[in-house]
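The values are calculated or read from the model by the stated rules, or taken from the named source; none is laboratory data. These numbers come from a predicted model, not from an experiment. Glycine also receives a Cβ, built like all others from the backbone with ideal geometry; neighbour counts cover every protein chain displayed. Protein only, heavy atoms only, side chains kept; ligands, DNA and RNA dropped before computing areas. Shrake-Rupley method; radii C 1.70, N 1.55, O 1.52, S 1.80 Å.
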Amino acid sequence: MPIEESLRSKKARLTRSALHEAAITRVLEDGLACATVATIAADAGVSTRTFFNYFETKEDAIVGLGVEAGVDEALADDYVHSPAGLDTLAEDTARFVREALLIGSVDPELPARRRRLFALYPELVSKSFDRAEALEEIVAGHVLARLRHLGQEFSTEDSAWRSARMLTQLCRVPLSHAGHTIKKTPEAVDERGGTKAIFEDSLGLFLKVLGRLQ
């Protein structure tokens, strides 16, 4: 059964998201050089000390590269213990990868503001990749747990992890494809009503290609 998010976990998630959004807003308004940890923390309604509980630098806060990278517990539990079988594993994993790697926000403009920030400060892109790589290893652990939940057996622990990492990287393709689509035609986000619709198109194409290869 899915677990309920604890109050402590929810508070931490909301604080992390608030700092992430405040960092993006402050840098867009003041510039990367002028934005400070103190002003970002103040904008998020927390102390500087609290800021450093979540992020080491303002650049980390901008891309969401936290001190303790992690995946929402309820999201991971729903994925690992899903009653679905192997026939939906690729689709389920692709959706899980998207939800795990993207930082959620109630602000629908946040993805567009984040892309604008990366265009202004391309040096932040490598930080974004660092965040994705750190989370990807954690995601692979949950993918391995799902495989074992489905009764998959492996000859060695190394083989198990290599299989989980391969599946994680494979199922990241729809998210990467959607990202490239948005980068090439940013107007598509408004035309399609958001980034999720573009991801769904990429996921559909991904599953179609996999089906043809079987």
- Query: Any idea how many residues of segment 9-45 are open to solvent by 40 Å² or more (accessible area, probe 1.4 Å) and of a type in the set (Val, Ile, Thr)?
  - Reply: 3
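Restricting to segment 95-149, and then to whatever is part of a loop (DSSP other than H, G, I, E, B) and at pLDDT below 75, can you tell me which residue is nearest to Phe206 (Cα to Cα)?
To start, the set of residues in segment 95-149 that are part of a loop (DSSP other than H, G, I, E, B) comprises 102-109, 121-123.
Of the ones still in play, those that are also at pLDDT below 75 are 102-109.
Working: Leu102: 19, Ile103: 23, Gly104: 23, Ser105: 26, Val106: 28, Asp107: 28, Pro108: 26, Glu109: 27 Å.
By that ranking, first place goes to Leu102.
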- A careful count of residues in segment 146-177 that are farther than 13 Å from Leu89 by Cβ and touching a residue at least 60 places away in the same chain (Cβ under 8 Å) gives 4
- Message: Checking the conditions here, which among Gln169, Gln152 is within 26 Å of Gly211 (Cβ to Cβ), open to solvent by 70 Å² or more (accessible area, probe 1.4 Å) and part of a helix (DSSP H, G or I)?
- Response: Gln169
- Applying the selection to segment 197-214, what residues are surrounded by 12 or more Cβ atoms within 10 Å (Cβ to Cβ) and either outside any helix (DSSP H, G or I) or not aliphatic (A, V, I, L, M) (or both)? Phe199, Glu200, Asp201, Ser202, Gly204, Phe206
- Task: Say whether the condition of being under 20 Å from Leu175 (Cβ atoms), in contact with a Cys (Cβ under 7 Å, 6 or more places away or on another chain) and surrounded by 16 or more Cβ atoms within 10 Å (Cβ to Cβ) is met by at least one residue in segment 74-89.
- Result: no
